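Let me begin by presenting the structure, written as structure tokens, before commenting on it.
The values are calculated or read from the model by the stated rules, or taken from the named source; none is laboratory data. Since the model is a prediction, treat every value here as computed from it, not as a measurement. All Cβ positions, glycine included, derive from the backbone under ideal geometry; neighbour counts span all protein chains shown.
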Amino acid sequence: MEYIDDNGSVLGRPTFLVFPENLPPKGSLLVNMSRVGKLGAATQDILVDNVSYSLWEHTKLNTYYRTFEPPYIHISSSQVPFYWKLSDGYYSATIWNNYIYDFDTGVLITGFFDVTPELLALGVINGDSYDYSAAERNERLKDRGETPHELWNPGFNLYDTNVRFPKTSSSEVPDTKMKYLFSVSLLLLLLSALLNWRWRGE
């Protein structure tokens, strides 16, 4: 899945959604920076550096939309230098993107990113996804001693979506009937294994 402009050039991968069953491989393109290079900036394409499920594996993530439960899909990019000589000076930065997606649906929950294909298409070359309100909320959680079990990421946070999350989503606790059914099934499995073991021992 990627954005392609009217000329057939690839802009990059969509930021706000991934397919959980088809995650981008390491080294694949996240953001094509060649358009920025044509404007005179010295930089490189932003590539996938790591895909994992381990970041914040025991931590609830708060967003404006809802609280999400682990596991999460974590995608981080390569770190890319950015240098742009201007008429009255220069602009220099290191670009690095970090995304956390819902495990079941692939919807972006939270992240830090400087450059995305969506922003470049709008003409924004280097943005800031820092969320001061989320940072304040996270400080309050720290003061109450609730981190690292629960946090607000002070970057982009999901505000709203029309995506319907499944009942057994990582963002919802399964209903009580399912818990009982699972417990009874597990108990029957253990009982069956015990009887089978005793029967073989005789």
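Kindly establish whether LEU11 is modelled with pLDDT of 95 or more, in a strand (DSSP E or B) and farther than 27 Å from PHE165 by Cα.
Taking the combined requirement at face value, the residue does not satisfy it.
Report every pair of residues separated by at least 6 positions or lying on different chains whose Cβ atoms are under 7 Å apart, first residue within segment 29-57 and more than 18 Å from LEU108 (Cα to Cα) and free of Cβ contacts under 8 Å to residues at least 60 places away in the same chain, second among the polar types (S, T, N, Q) and assigned to a loop (DSSP other than H, G, I, E, B).
Pairs that qualify, where the first residue is more than 18 Å from LEU108 (Cα to Cα) and free of Cβ contacts under 8 Å to residues at least 60 places away in the same chain and the partner is among the polar types (S, T, N, Q) and assigned to a loop (DSSP other than H, G, I, E, B), are GLY37/THR43; ASP45/ASN32.
Suppose we keep only residues that are under 21 Å from the mean Cα position of the chain (by Cα) and part of a loop (DSSP other than H, G, I, E, B) within segment 135-150. Which one would you say is modelled with the lowest pLDDT?
Across segment 135-150, the extreme among qualifying residues is THR147.
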